[in-house]
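A short write-up of the structure that comes next.
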Amino acid sequence: SVHSRYLSLCHNFKIRPENNVPLPYIPLDYALSAAGQKILSEIDVKLHKMQSCKGIAWMQLTSASANYSYPCPEKLIKTFYDNGWFVVCADKNSFAGDYAINLSTGINDSIKILSLLNEKHKVLCVGILSCFGAVSSGLGIPNLVVQPYWDSRLESVWHGNEFVVFSKKHPSIPDERQFIIKEFEKNPPFNITFSPEHIYSCFEKMLTGLKN
């Protein structure tokens, strides 16, 4: 998994870390490319047409470092779409809908688009632990991390904006920020897959917790 650079340095140099892990710094002092501007305009048009939108669900369902992709992305996207969420997916998939869009641009444009959308709309992230875990923390965006395998450290989800879906209780994550799902499919050799319905249920619970 991708560990916190700060905590890794503390471990390597035997330095006691502070209780509050510093938030990642996300530089945003650059302009969108022409392709990025086109995508942002398309999102604005689709959002304007959506009569009752709960907000934007920003998804990344693939982790290159873990060599894992959520096996049924279209079903998960459709579950959020059917429940009134506009979906922006940072991965390539075959789902197409009036209120969903797949990004086809680079990482810098993706981060910039996420930050700009977050300035104007209610945005929440959901998906596999990836680079957008750190990005969401830096931007202060709530993030539901779907963890497909057991990791005893998981330092990159120690920030307060991140909630985690696990198959069993994790000792390092506060109870109020983890959701335990006992029903899942096993994917050899060590991955597990949670259903779209279970993931969305955890997403709703995260929203309820944020309101309280």
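In whole percent, how big is the carbon plus sulfur part of the accessible area of the chain, probe 1.4 Å, protein atoms only?
Ligands and nucleic acids excluded, carbon and sulfur give 53 percent.
How big is the charge dipole of the range 85-167 about its Cα centre, in debye rounded to the nearest 20, if each Lys and Arg gets +1 on its Cβ and each Asp and Glu gets -1 on its Cβ? Before the final figure, lay out the partial values.
Working: 5 positive and 7 negative charges, 20 e Å.
It comes to approximately 100 debye.
On full extension of the chain, what length is gained from Leu32 through Ser172, given 0.36 nm per residue of separation minus the C-alpha to C-alpha distance?
On the way: separation 140, 0.36 × 140 = 50.40 nm, distance 3.77 nm.
46.6 nm is the gain from fully extending Leu32 to Ser172.
Keeping every protein chain present and rolling a 1.4 Å probe, give me the accessible area per residue for the range 91-185 in Å².
On the way: 4030 Å² over 95 residues.
With all protein chains present, the range 91-185 gives 42 Å² per residue.
Can you tell which of Gln178, Gln147, Gln37 shows the greatest fluctuation in a Gaussian network model of the chain with Cα springs below 10 Å?
The residue that fluctuates most here is Gln37.
Could you grab the relative contact order for the chain? Cα pairs under 8 Å, six or more apart, rounded to a whole percent. Could you put the intermediate results ahead of the total?
On the way: 310 pairs, mean separation 41.5, N = 212.
Reported relative contact order: 20 percent.
What is the range 98-147 by shape, rounded, prolate or oblate, if you read a ≥ b ≥ c off the alpha carbon gyration tensor as root eigenvalues and call it rounded for a/c under 1.5, prolate for a/b larger than b/c, and oblate otherwise?
On the way: a/c = 1.29, a/b = 1.21, b/c = 1.07.
Rounded, since a/c falls under 1.5.
Stretch Ser65-Ser41 to full length: gain in nm at 0.36 nm per residue minus the Cα-Cα span?
5.5 nm
By the scheme Lys and Arg +1, Asp and Glu -1, what is the net charge of all other residues having a beta-carbon under 11 Å from that of Leu207?
Values: positive: Lys54, Lys122, Lys205, Lys211; negative: Glu204.
So the environment of Leu207 carries a net charge of +3.
Using the structure shown, select from Lys75/Lys169; Lys46/Lys112; Lys92/Lys182; Lys122/Lys168; Lys169/Lys205 the pairs with a Cα to Cα distance greater than 23 angstrom. Present the calculation step by step, with values, prior to reporting the outcome.
Numbers: Lys75/Lys169 26 Å; Lys46/Lys112 19 Å; Lys92/Lys182 29 Å; Lys122/Lys168 30 Å; Lys169/Lys205 16 Å.
Table pairs above 23 Å Cα-Cα are Lys75/Lys169; Lys92/Lys182; Lys122/Lys168.
Using Stokes-Einstein with the Kirkwood hydrodynamic radius over Cα pairs, what translational diffusion coefficient do you get for the chain at 4 °C and a viscosity of 1.567 mPa s, in µm²/s rounded to a whole number? Could you put the intermediate results ahead of the total?
On the way: Rh = 17.8 Å.
After rounding, the answer is 73 µm²/s.
Calculate, axis by axis, the spread of Cα positions in the range 88-212 along the three principal axes, and write the results as whole Å, longest axis first.
Projected onto its principal axes, the Cα set of the range 88-212 covers 35, 33, 25 Å.
The values are calculated or read from the model by the stated rules, or taken from the named source; none is laboratory data. What you see is a predicted model; the values in this text were computed from it and never measured. Note that we place each Cβ from the backbone using ideal geometry, even for glycine, and neighbour counts take in every protein chain shown. What goes into the accessible areas is simple: the full protein's heavy atoms, side chains included, and nothing from ligands, DNA or RNA. Shrake-Rupley method; radii C 1.70, N 1.55, O 1.52, S 1.80 Å.
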